[in-house]
1. Report the calculated FRET efficiency for B:Asp30 and A:Met70 (r = Cβ-Cβ distance, R0 = 45 Å), to the nearest 0.05.
2. Along the charge dipole of chain A, which of A:Leu145, A:Gly184, A:Ala16 sits closest to the positive end, that is, farthest toward it, with unit charges on the beta carbon of Lys, Arg, Asp and Glu (+1, +1, -1, -1)?
3. Identify the GluC sites (Glu not before Pro) of region B:1-79 meeting these criteria: DSSP loop state and at most 14 other C-beta atoms within 10 Å of the C-beta.
4. Where is the GNM fluctuation largest for chain A (alpha-carbon springs, 10 angstrom cutoff): A:Met86, A:Met162, A:Met70?
5. For peptide A:246-252, compute the average count of partner chain beta-carbon atoms within 10 Å of each residue's beta-carbon.
6. Only helices at least 18 Å long along their own axis, judged from Cα atoms, and with Kyte-Doolittle mean hydropathy of 0.5 or greater: name those in chain B from DSSP H.
7. Among B:Asp125, A:Asp223, what is the fewest-to-most ranking by other Cβ atoms within 10 Å?
8. Per-residue HN-Hα couplings for region B:5-15, Karplus 6.51 cos²θ - 1.76 cosθ + 1.60 at θ = phi - 60°, whole Hz, x for Gly and Pro?
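Please treat every number below as a calculation from the coordinates, not as lab data. Nothing here was measured: the structure is a model prediction, and the numbers come from that model. Glycine gets a Cβ as well: all are built from the backbone with ideal geometry, and neighbour counts include every protein chain shown.
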Number of protein chains: 2
Amino acid sequence: MEVTVAIDCMGGDHGAHVTVSAALDYLARDPQTSFILVGKPKALEDELGRTHAPTGARLKVRPATEIVTMDEPPALALRAKKDSSMRVAIDLVKSGEANACVSAGNTGALMAISRFVLKTLPGIDRPAIASILPTLKGHTYVLDLGANVDCSAEHLLQFGIMASELVASVEHKDRPSVGLLNVGEEDIKGNEVVKRAAELLRASGLNFYGNVEGDDIYQGTTDIVVCDGFVGNVALKTSEGLAQLLSTYLREEFKRSVFTRLAGLVALPVINAFKRRIDHRRYNGATLLGLRGIVIKSHGSADVFAFGFAIERAVEEARSGVLAHITERMSSIEKSAA
Amino acid sequence: MEVTVAIDCMGGDHGAHVTVSAALDYLARDPQTSFILVGKPKALEDELGRTHAPTGARLKVRPATEIVTMDEPPALALRAKKDSSMRVAIDLVKSGEANACVSAGNTGALMAISRFVLKTLPGIDRPAIASILPTLKGHTYVLDLGANVDCSAEHLLQFGIMASELVASVEHKDRPSVGLLNVGEEDIKGNEVVKRAAELLRASGLNFYGNVEGDDIYQGTTDIVVCDGFVGNVALKTSEGLAQLLSTYLREEFKRSVFTRLAGLVALPVINAFKRRIDHRRYNGATLLGLRGIVIKSHGSADVFAFGFAIERAVEEARSGVLAHITERMSSIEKSAA
């Protein structure tokens, strides 16, 4: 299926230098895609000139005069910057010119503008941020990773429904299993919201596994882990911190003496294979799930390699028909409740 | 200072085999300690006979006829097992015969029985579970790790006060810094409870750093990280899961071929030094903080080496006078508020 992706070329720590290169790379890899690069004309021209990439039917440029900065309050970005590269990219999804958009910009602003422009899908109160994490068995989808710091049981149920349709659509996995993040496996564990969410999920017709704990995320106990955005964000950031600590310790041990440095040289190919395997860049690209349009958030620090994975996610989701599937599911739930 | 520690010898996955050996080891290391071993007489006699350890003034045995099992509901353990090794060990702290107790048993039961028998310190509504985690700079105290799945802003403030006194007393660190776990550094981030807790902490006279994020735990940004028990438990368990994933991946990469196995042999001393450094057994021993008595929870799976660290924590806290310091601080806060 032909897919057109709008790229917010000015977002992220590296701006057009990374985003344009990643789009051009992807364009060369997948002949069924086209791109609309959104950003300041000068910046885009510089990048396109440097790479001698000709614009045309598969590669268009759309000017935007403003940039949402990384620390800008979302409400301000929404109100005051109507011609930002972020806003214009989202507008292209709204108008149907693009099937999806990707931005490495300010997460809060991206969520606020996306909600305002695209609105949520029928029956969905709030979008959630969903991302993939590596596990002992493959990978797991975790949501919400920070969009909603206060969730009701109904919100958690909606996250479970949306993620089930996402995994079914993108991974072609029938009835993916859903775990509810809690502080113990027993039904009596957790706060009131989580206990009520477990009841709703159990009655939902989803493939609900039950409660899972933090370690189940990386064990890959379920295909999906549902949690509120506060807890999800802390779990994700804590993981980043621990990974950094362990890699610093490992590096220090290999640098301790002449002998350990030699051992490090011998072990280098193994250490590099290990690093490739846990390379977080391969998991770049979080889905703003629940909107009437596909919006993918790249990590702000993404390089060309990492940004390419965010683009790939956008293309896969656009091809999967996930939004129609969520809409159908919500409508069938509404009918059976009526 | 002379310290007497009561050991719940029947708790944990390995029972008396681990707990008695660890107590005897500690006794040999620190002549200023004595132990009261609590448990089924037969089990204790077997262990003491096996090791030919003579009882006496520094090593006493206190019989208990029951055992709290690992999956027993805390309320049931509290009501129905008044002669459990756990209960008797806590009773010894209450009566003053012991300065502290250590148990590797059921966490929920240990907390419920400790609260019932010892009560909380004046001005403290709820005890919290505090533990040490390794960081890039040394280590950080994190609480609550799971005792309270719903916390008010006032509870979070109390956790900050208690932990400040704990770190000041045990680590001789004046005015340790306190971070509040949140989803962003800015004041506007987080849910209502966390925002209000930040206001209370800022006005408390503690050395309040402000909001910290999940990765700050392992970066060692602050001496103390305060959070509610739901979030803290998820952060801790997620860390355990990630550490397990990474060590599995590393092992797999070293086992991939004859070459990588050889590289693994060469790198073995380095890998072992790395493993020693991140050995979670060195961080065994969580404090049930806020009680009128010192109660230390060991991991259920602790071996003799790990259980020794939990005993060490009990001895250090008993010597530090932390309970008197928390009481003084709470009383001075009450006076200044009056």
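1. 0.30
2. A:Ala16
3. B:Glu2
4. With Cα springs under 10 Å in chain A, the top fluctuation among A:Met86, A:Met162, A:Met70 is at A:Met70.
5. Mean number of neighbouring Cβ atoms from other chains: 5.
6. B:16-29, B:153-171, B:258-277
7. B:Asp125, A:Asp223
8. Those phi angles translate into 10, 8, 10, 6, 6, 9, x, x, 5, 10, x Hz.
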